[in-house]
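Notes follow once the structure below has been shown.
Coordinate-derived values only; no laboratory data. Remember, predicted model here, so these are calculated numbers, not experimental data. Don't worry about glycine lacking a Cβ; one is built from the backbone with ideal geometry, like all the others, and counts go over all protein chains shown.
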Amino acid sequence: MPQSASPAKFIFVTGGVTSSLGKGIISASLAKLLQARGYRVTIQKLDPYINVDPGTLNPYEHGECFVTDDGAETDLDLGHYERFLNIPTSQANNVTTGKIYQTVINREREGAYLGKTVQVIPHITDEIKRRIKLLGDTGQFDIIITEIGGTVGDIESLPYIESVRQLIWEIGSSNSAVIHLTLLPYLSTTGELKTKPTQHSVKTLLEYGIQPDVLVCRTEKPMSNDLRRKIALFCNVNINAVIESIDASTIYEVPLLMLKEQLDKVIINKLKLALKHEPDMAAWKDFLGKLKNPVYEVKIGLIGKYIELKDAYKSIVEAFIHAGVSNECRVKLEWIHSEKIDPENIRHQLGNLNAILVAPGFGERGIEGKIAAIRFARENKIPFLGICLGMQCAVVEFARNVLHMKDAHSTEMRPETAFPVIDMMEEQKKITNKGGTMRLGEYPCSVTKGTKAYQAYGKSKIGERHRHRYEFNNSYLKQFEEAGMIASGINPDSGLVEIVEIKSHPWFVGVQFHPEYKSTVLNPHPLFVRFVKASLEKASGQLIAEQAHTAKA
Ligand code: GLN
């Protein structure tokens, strides 16, 4: 059997029985444990859909689109990888069938296949294997975890499963491991966990020539030893490689549950890796302890138009968890649909919030509700954070209600507005393709000293990730600054406004970039941390005021 040229070891994670079992969280948890043992680990996701990337997908379809430093629009699982591992991912960490076919078809058009018939095997599978090995070839990692999207048996994931089979043959069994994630349904009528779906899905994998090394079993009840033995026997794996993955109260508990089940040790043995040291999970445990035992609580309104699907705002939700922990505070999010905001009734709708966040988004739907909420936050001195479209709405609101620019708008919503305070960048105007054509990825930003942004970051040179086409229109900047909305962050190369804030407000900040993409367990994002702190101050201020009020009465 040929041996691998790449020194990296490969772990493949497949899913059986149903989708949504949490392959991403299991992959990220295992990666965390291996990293905590001193290995250099990264995770890659292979998505079997034909879109080239999720950038053009409606958030209702696919949840949030996560953006990497190098400007890839990716699956939201990459967000989990970064939040757990605290290292950035890149273009190479998310591969789709669309990307694979696009590469192969482009090569065919260039004549690179020298007249051969181009086929799924070997051309598509070769391209899949090349993409899997790419991260290993960088020499930056000891272990690559590759998560195969979808469920084993799906027609569209067949080429991926075949590529994994071939790769295992090529790199050898001690350089590879397969983890199969399955579900043990609980039948309340008989009070039993059932193993048959797991047996069937392992059988499907075997039909494709893959014997899993580890079974991670999602279950709502603890597994008995007898059950573990039964699964091990029928699925041909070691009994200690049958891992229980019981429902957890938070995803951040899963690494510790996997540690208890010794998933990391089983994998290290399979890959014949030297046991370096016990995992150092002290900081993680500290985080989890604080997450479970908050001292304070705040209520923050998250205003968006996709709130029926919470996954559409995944990174924002997680960033609040991280920032909450660093303030020893539970952030209770109140999900508010921007279309349901009624300016006549706004005090009733938003008056009990300690802070307001207006979320990113595209298109006109719900825009006036967002603007009304921002006006309420500005006028009532409620801490406010606007992200991307949220910042653009804050600019529009200020233009209309402070600068008296009647009907000011973003040209995204109203191209003919008399006051285009948010406008499309010149270079964007020529672009007609939708996919991958926004201002994407990390750009530098200079933060002005003495501002709220500077107070949060504690430094002037920062880099943040972007995903948008429209920008603050600099021809209005002077008027805004004179009226009290300043640009506290500027792109040093282009002069584009990246952060705005209102000087006279306790905490009113709008950012053109997406800070939520950079928040991790070990590095909560400074803007979210300060925002939660401001809402905590608002909450306690309110409390004192309320007490005084009651005392008087
Ligand atoms: N629709 C806005 C733009 O393209 C904002 C995008 C966003 O919120 N990510 O500029």
| message | Residue pairs, Cβ under 7 Å, 6 or more apart or interchain, first in the stretch 449-476 and in contact (Cβ under 8 Å) with a residue 60 or more places away in the chain, second within 16 Å of the ligand (Cβ to nearest atom) and assigned to a helix (DSSP H, G or I). List them. | response | A456/L527; R465/Y517; R465/K518; Y470/Q392; F472/V395
| task | Collect the residues in the stretch 293-315 that are over 19 Å from K538 (Cβ atoms) and touching a residue at least 12 places away in the same chain (Cβ under 8 Å), keeping them in residue-number order. | result | G304, K305, Y306, I307, E308, L309, K310, D311, A312, Y313, K314, S315
| Residue, surrounded by the most Cβ atoms within 10 Å (Cβ to Cβ), within the stretch 342-355, restricted to residues that are of a type outside the set (G, A, S) and within 27 Å of the chain's Cα centre (by Cα) | L353
| field | Residues of the stretch 392-407 that turn out to be under 14 Å from E498 (Cα atoms) and either more than 29 Å from the chain's Cα centre (by Cα) or more than 16 Å from the ligand (Cβ to nearest atom) (or both), as a count | value | 0
| query | Which of the residues belonging to the stretch 225-250 are surrounded by fewer than 15 Cβ atoms within 10 Å (Cβ to Cβ) and among the charged types (D, E, K, R)? | reply | D226, R229, D247
| request: Kindly indicate whether any position in the stretch 293-307 is crowded, with 20+ Cβ neighbours inside 10 Å, under 28 Å from S27 (Cα atoms) and not aliphatic (A, V, I, L, M). | output: yes
| said: Please pick out the residue among E192, E253 that is farther than 26 Å from N269 by Cα and not hydrophobic (A, V, I, L, M, F, W, C). | reply: E192
| field | Matching option when the condition is within 13 Å of L34 (Cβ to Cβ) and not hydroxyl-bearing (S, T, Y), among L288, L263, L302, L257 | value | L263
| query | In the stretch 368-391, how many are within 10 Å of the ligand (Cβ to nearest atom) and of a type in the set (A, V, I, L, M)? | reply | 3
| message | Out of the helices (runs of 4 or more DSSP H) lying entirely within the stretch 1-113, which hold 1 or more residues that are more than 29 Å from Y443 (Cβ to Cβ)? | response | 23-36, 97-110
| How many residues does the stretch 412-424 hold that are within 14 Å of the ligand (Cβ to nearest atom) and buried (at least 16 other Cβ atoms within 10 Å of the Cβ)? | 8
| Restricting the stretch 51-100 to residues that are among the aliphatic types (A, V, I, L, M) and within 21 Å of I161 (Cβ to Cβ), the residue that is surrounded by the most Cβ atoms within 10 Å (Cβ to Cβ) | V95
| field | Whichever residue in the stretch 487-508 is in a strand (DSSP E or B) and under 17 Å from R375 (Cα atoms) and, among such residues, is farthest from the ligand (Cβ to nearest atom) | value | I502
| If you check E278, E334, which single one turns out to be away from the ligand (no atom under 16 Å from the Cβ), among the acidic types (D, E) and in contact with a Leu (Cβ under 9 Å, 6 or more places away or on another chain)? | E334
